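The values are calculated or read from the model by the stated rules, or taken from the named source; none is laboratory data. Since this is a predicted model, take the numbers as computed values, not measurements. Neighbour counts run over all protein chains shown; Cβ positions are idealised from the backbone, glycine included. These accessible areas exclude ligands, DNA and RNA; they are computed on the full protein's heavy atoms, side chains included. Shrake-Rupley method; radii C 1.70, N 1.55, O 1.52, S 1.80 Å.
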Amino acid sequence: MTRKNAHERSSNRALQHVQQLMKAARNGTKDGLEKTKIAMMRKVSFLSKKDCTDDTEEDSGYLDVTVSEIKHPPPQLSPMPEGLSSQQVVRRHILGSIIQSERSYLDSLKRILLEYKKPLMEAEPRILSLRKIQPIFYRLKEILQCHSMFQIALASRVAEWDHTEKIGDLFVASFSKSMVLDVYSDYVNNFTNAMALIKKACMSKPAFLEFLKKKQAASTDRITLYGLMVKPIQRFPQFILLLQDMLKNTPVGHQDRLPLQLALTELETLAEKLNEQKRLAEQLAEIQQLTRSVSDRNLSKQLNSDQKQLILSETLIETVFGEKGQVLKSKERKVFLLNDMLVCANINVKGPPDISSLVPIGPKYAVKWSAPLLQVQVVEVGQETPQHKDSIYQQSGSKRLSSTNFQGKLFLGPPRLYQELQELQHDLSVVEEVTLLVGTMQGSYQNLNTTVGQDWCMALQRLIRIKEDEIQCANKCRLRLMVPGKPDKSGRPVSFTVVFSTPSPISKISWVNRLHLAKIALREENLPGWVCVEDDEKTKPPFWCPLLACRLPVFTPKMQDLKLQAGLYNPVHCSLLGFSAASTSLPQGYLWVASGGGDSHGQVEIFSLNRPTPRSVKSFSLGSPVVCLEYITEPSTDEELETQTSEVPSKIGNTICVGLLDGNILVYGSVDTAAQCLLTFCNPEGCPVLCLKQSANFLFAGLSNGKVAVYNRKSGGRIIGLWDPDSCRHVVIGCAPVLKLLQIDECVWASCANQVSVIEGSSLRTQSFEVHPDPMVSVTHMVRAGGGVWMAFSEGSSLRLFHTETLEHLQEINISTPSAYLSPGQKTVCVTSLLICQGLLWVGTAQGIIVTLPVPRLEGIPKITGKGMTSLNGHNGPVEFLVATSSILSQDFLKRDTPMEGGDSRSGTEDKEATNSSQESLQQVDGSPQVEAKAKGVLLQYHLRSTSQLPGKLLTARPEETSDSTQDSLEHTLEDGSIYELSDDPEVWVKGPGPSSKEAARREKVTSAAVISGGKGFRRLANSSNSSDSSENMLMVWQLPITV
């Protein structure tokens, strides 16, 4: 009996230890981690501590433990109970996927250790030395331990799932520990080295190669060692996808919703850090591999420099064309874009084929040429001939002039297409001359008149346009570079062109964009452009941080007394923007900049962004200072259907609302630079309009008297969708001014003093909560990302994060700036503008300093998890506004189809942009109800009713093999008749048929983005001498890399 009682006491103690361990795992804190280690050291019964059999074990700081599956079996879902909702059923299925994937992952880790590492360690005679075995399997034991502990906690949570339905907090507790990041970081950083060791051992140790072959052959799934070892790198992206699905099926108000969002944040942060470390490790390995292949000492020294960073590398196909368009030579090259040079290398893959099936074999390179980045030029179709007259050499080494003198253009590409284009242009000129001569004839003839000649001209014009489209389609996957070569005997600089075929149009876009931004990064203002401040500026900022692309004054020198008030991005697509220009220009559209001069007048300046540098295209004055701007999307379809009348009124489309100090609200059309004022009305209170926000089909206006005015759209009238001034309703928020409005789903948040009120949709019910303890402090700015809202205040340098659903305060940070950057007498920083764009929280300050902080991009909570950066380019005065601009590249640019199949039909001259200062042909964003302006491509407006007696071949734009007509046809057929409809609807041939649903499903989204700040003057924080006039209103434009 005594022995039995002792056994029970021992079991109870073990159970208590298990509960303590589970509690520590859930806590996820440093204290919890220490408790976990203590529990391990006390030899808890379900943990068996192994003796270290090897003096070369990598790190004694991690305890080598294994979990007994007998006492703690893997998690298992109980049978599904009855009466579950559809979302509960889906959540159970997703939980089952989590359980299954984690079990599979643990099995893979165990296979590596038991089937590969253990036999290698115990082999006699030795297959590999211990000195090589340890680095290959570095940190795998610790990763297995982390996930074994996670599985114990997961089993406990799964057992109580039907009662709690909560799992997000478990992920936070398990994967927010520094130990997890440490072991995974070590593994990822070592992965490239481990693969190199395996490859080298396969080539030098036949026994090891045979060992790997046998292990793969004996496995049921035939997964190689490489396939198993890459799984830890893929693990967190898999977790993220599963938790995203779980969050989508978790309703608002569910107890697991906030924990899931926090878990997504933790996993995304962890994955981002690991991805960045993997990228840096691979970059270092690529540069080292390239350096080993260089025979030039000078180039080798440059590559070994600590300043060298690899931006982009890809295997491209170099192609040399013959005079008739035939391919003379085509060979794979590895092209490396570094931060200040471009390198092209031959690829030489060596190694037995049986090794490549087990582990990736890195290629060996032989450098073919290298060039300073600033001397490399992208040459596009229609680009002007370079200033110098030197010969251009093809990369094959044969001297061949590859430029023509046709109309002063440099044509690089498939010569056959250009020859056909020139032939068509020649024929058109001949037909035009013939038509003019026919017009001088004295007699009248049935089939010989100017109408027939003009019709021929129109058909030839269409054929020329289609040929230009074919050339452009071919150029979408061809990267043409002009590279400096060695000077000739007379010392003149000589350049040669090289043509690379890219795998896809997106690859071409990426190369052109990265080349463009890498050159911007070499400018003085970007060397450096940012500095990390948390660790005394020792951390080097990432290469692809935002780059200052340009700065420019807002107004003319005579109007510098105006004060900047607001900026707004108006997304409008440019129909003339070519393929190459889209890769280098700012996001398509307009920037509206508003200002005020005292209480008497206001000014709006409109800038075009369809180029690398903004350009002012229109300005207009107003009778009162502008306080705010708001971009309003078109009315919803339901609203349009409800308001249709027998007269079929026109639709309003997207508009821009302007709030004035005198209480007026102005509505402008956003289609083009005409900026037509469609409506003017004043709020009943007559108070200044401090902020505007659209939510569904309502317009909210924050007023200076503490009220919010809400307007409905008009139910009838000449134009559908204009706001109805008579529908105004008021919501009382408080006594202080309503400084900021923010749309959150179906609600609008309104800030008043130190409180924020949540206004619900059409019911206008409000719920208020306090966001700052000091009643004298006001909320001045609010921005949303994912499930959180960041707020800035009228005093102090703190920012606060609140949950969008529970309104819970989640985080508070202070904006720190080096004191050296502050003006004399300044001690603290005050926030004057706030913005979130592409994973960065931008903070503008009253001191003109701009700070960025990294935030997650997914649906989680936008907590600040990394180090902030301070821009070394700032304003002399407060940063009045920060505006994010973003546009999605037209899908026409991404098609590889021929124009006959719906390809892009813009002009073959790639960089053909409007040159008029104030007139640009712009089209509304996709989905706009505005009628698009018809393309100006048809010069001759006429109709030909019959050509039945015309001799010769029928003119048609269709391919010959698809035409049923012959030279002897006496009547019009469908295909040749279509060419006479051009004057009625030129878009029939300008746009072509729309894409099929299958094509739409395969579309990839390419996004360009830039951030624009406005304030007084410009200064370099690191160099006080490089500053502009402090009284001049300036815009600074930061460009970000294109993302896919």
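Let's see how each residue does on (1) crowded, with 16+ Cβ neighbours inside 10 Å; (2) of a type outside the set (S, T, N, Q):
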| residue | (1), (2) |
| --- | --- |
| 269 | yes, no |
| 275 | no, no |
| 279 | no, yes |
| 288 | no, no |
| 303 | yes, yes |
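As a summary of the residue check, residue 245 satisfies the conditions (1) in contact (Cβ under 8 Å) with a residue 12 or more places away in the chain; (2) within 19 Å of residue 108 (Cβ to Cβ) except for the one numbered (2). The sole residue among 886, 928 that is among the hydroxyl-bearing types (Ser, Thr, Tyr) and either modelled with pLDDT of 85 or more or assigned to a helix (DSSP H, G or I) (or both) is 886. Considering segment 151-214, the qualifying helices (runs of 4 or more DSSP H), each wholly inside and each with 2 or more residues that are in contact (Cβ under 8 Å) with a residue 12 or more places away in the chain and crowded, with 17+ Cβ neighbours inside 10 Å, run over 168-175, 178-204. Filtering segment 539-548 down to residues that are open to solvent by less than 50 Å² (accessible area, probe 1.4 Å) and modelled with pLDDT of 60 or more, which residue is farthest from residue 513 (Cα to Cα)? Result: 541. For the residues 138, 105, the requirement of being under 35 Å from the mean Cα position of the chain (by Cα), farther than 29 Å from residue 254 by Cα and not in a helix (DSSP H, G or I) singles out 138.
Residues are listed down the side, and each one gets a yes or a no for (1) in a helix (DSSP H, G or I); (2) closer than 15 Å to residue 378 by Cα; (3) at pLDDT below 80:
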residue: 457; (1), (2), (3): yes, no, no
residue: 481; (1), (2), (3): no, yes, no
residue: 489; (1), (2), (3): no, no, yes
residue: 500; (1), (2), (3): no, yes, no
residue: 509; (1), (2), (3): yes, yes, no
residue: 515; (1), (2), (3): yes, yes, no
residue: 525; (1), (2), (3): yes, no, no
residue: 537; (1), (2), (3): no, no, yes
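Residues in segment 497-514 that are open to solvent by 30 Å² or more (accessible area, probe 1.4 Å), more than 14 Å from residue 584 (Cα to Cα) and not small (Gly, Ala, Ser): 1 in all.
Residues are listed down the side, and each one gets a yes or a no for (1) buried (at least 17 other Cβ atoms within 10 Å of the Cβ); (2) in contact with a His (Cβ under 8 Å, 6 or more places away or on another chain); (3) outside any loop (DSSP other than H, G, I, E, B):
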position: 223; (1), (2), (3): no, no, no
position: 239; (1), (2), (3): yes, no, yes
position: 251; (1), (2), (3): no, no, no
position: 258; (1), (2), (3): yes, yes, yes
position: 262; (1), (2), (3): yes, no, yes
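Can you find even one residue in segment 251-258 that is farther than 26 Å from residue 347 by Cα and in contact with a Gly (Cβ under 6 Å, 6 or more places away or on another chain)? Yes, segment 251-258 contains at least one residue that is farther than 26 Å from residue 347 by Cα and in contact with a Gly (Cβ under 6 Å, 6 or more places away or on another chain). Residues in segment 785-801 that are outside any strand (DSSP E or B) and open to solvent by 20 Å² or more (accessible area, probe 1.4 Å): 786, 794, 795, 796, 797. Looking at segment 595-636, which of its residues are surrounded by fewer than 21 Cβ atoms within 10 Å (Cβ to Cβ), charged (D, E, K, R) and in a loop (DSSP other than H, G, I, E, B)? Matches in segment 595-636: 599, 611. Checked against the criteria, residue 95 does not count as more than 30 Å from residue 129 (Cα to Cα), open to solvent by less than 50 Å² (accessible area, probe 1.4 Å) and part of a loop (DSSP other than H, G, I, E, B).
Out of the residues in segment 644-659 that are open to solvent by 10 Å² or more (accessible area, probe 1.4 Å) and part of a strand (DSSP E or B), state the one that is modelled with the lowest pLDDT. Here the answer is 650.
Screening residue 360 against (1) in a loop (DSSP other than H, G, I, E, B); (2) of a type outside the set (Lys, Arg); (3) at pLDDT below 70 leaves a single unmet condition, (3).
Residue selection: residue 462 satisfies the criterion of being out of contact with any Ser or Thr (no Cβ under 7 Å at 6 or more places or on another chain) and crowded, with 19+ Cβ neighbours inside 10 Å. Restricting to segment 597-623, and then to whatever is touching a His at 6+ places or on another chain (Cβ under 7 Å) and of a type outside the set (A, V, I, L, M, F, W, C), can you tell me which residue is nearest to residue 1039 (Cα to Cα)? Out of the qualifying residues, it is 621.
Scan segment 712-763 for residues that are surrounded by 16 or more Cβ atoms within 10 Å (Cβ to Cβ), farther than 20 Å from residue 686 by Cα and basic (Lys, Arg) and the total you get is 2.
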